[in-house]
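Okay, structure first, notes after.
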Amino acid sequence: MTQVFVFSDKDTFQVLTYSQRPEEIVRTINRGDWQSILGFDPDPAHPWEAKRIGKMVIVYPPVPPEDYPQLDLSPKDYQILQAYCSGMSTDEVAYSLRISGRTVRNRTTIMRLKMNSRTLYELLAKATALGIVSPDLDSIPD
């Protein structure tokens, strides 16, 4: 059994218990599919990030970089970026987030314009460098 501590913006937290391994929970949340763990919300108020500490998982809203307040990314944008960083294709991102592929492509184009990126890979590199998302390094083969 894995205990998941969910800290929200309002200085409150929940303790949830799951039968999944901590690595699976962290990977699921950090690839942008936090709604399968924390419950489905069609219009999330903020994104979530997870860290594993021993046999526990800490879930918290990531702190956007203060140097770039003009980015103004929505929670769904964070989900899309996190899903791309976990290696998903556009269609896989759309399916996992329950939105259309066209919506994913449109939001990606808008994020590329906001971050002055010519390609998706440049967008992901900048988002990672700014600390907006963290790639799923556990899924990279040796």
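Between rounded, prolate and oblate, where does segment 69-135 land on the alpha carbon gyration tensor, with a ≥ b ≥ c its root eigenvalues, rounded for a/c under 1.5, else prolate if a/b exceeds b/c? Display every interim value, and only then the final one.
Values: a/c = 1.59, a/b = 1.39, b/c = 1.15.
Since a/c reaches 1.5 and a/b is larger than b/c, the shape of segment 69-135 is classed as prolate.
Report the FRET efficiency, 1/(1 + (r/R0)^6), for Leu113 and Lys55, where r is their Cβ-Cβ distance and R0 is 41 Å, rounded to 0.05. Don't jump to the answer; show the numbers that get you there.
Numbers: r = 42 Å, r/R0 = 1.03.
E between Leu113 and Lys55, to the nearest 0.05, is 0.45.
To the nearest 20 debye, what charge dipole does segment 2-60 have about its Cα centre, counting +1 at the Cβ of each Lys and Arg and -1 at the Cβ of each Asp and Glu?
Once rounded to the nearest 20, the dipole reads 320 debye.
Quick check on segment 2-60: take the gyration tensor over C-alpha atoms, sort the square-rooted eigenvalues as a ≥ b ≥ c, and tell me if it's rounded (a/c under 1.5), prolate or oblate.
Working: a/c = 1.75, a/b = 1.27, b/c = 1.37.
It comes out oblate by the Cα gyration axes.
Fewest first, what order do Val26, Val15 take by the number of other Cβ atoms within 10 Å? Working shown, then result.
Working: Val26 24, Val15 9.
The most exposed by this proxy come first: Val15, Val26.
I want to check the label-to-label distance for Arg98 and Tyr121. Put each point 7 Å from Cα in the C-beta direction and report it in nm to one decimal.
Roughly 3.4 nm, to one decimal.
Using modelled amide H (1.01 Å from N, peptide plane; none on Pro or chain starts), what sits under 5 Å from the amide H of Glu49, excluding residues fewer than 5 places away?
Answer set, sorted by chain and number: Tyr60.
Which ordering of Lys126, Lys51 is given by a fewest-first count of other beta-carbon atoms within 10 Å?
Details: Lys126 17, Lys51 14.
So the ranking, lowest neighbour count to highest, is Lys51, Lys126.
All of the numbers you see were taken from the coordinates with simple rules; none came from a lab. Everything quoted here is computed from the prediction, not taken from an experiment. Using ideal geometry, Cβ is built from the backbone for each residue, glycine included, and neighbour counts are taken over all protein chains shown.
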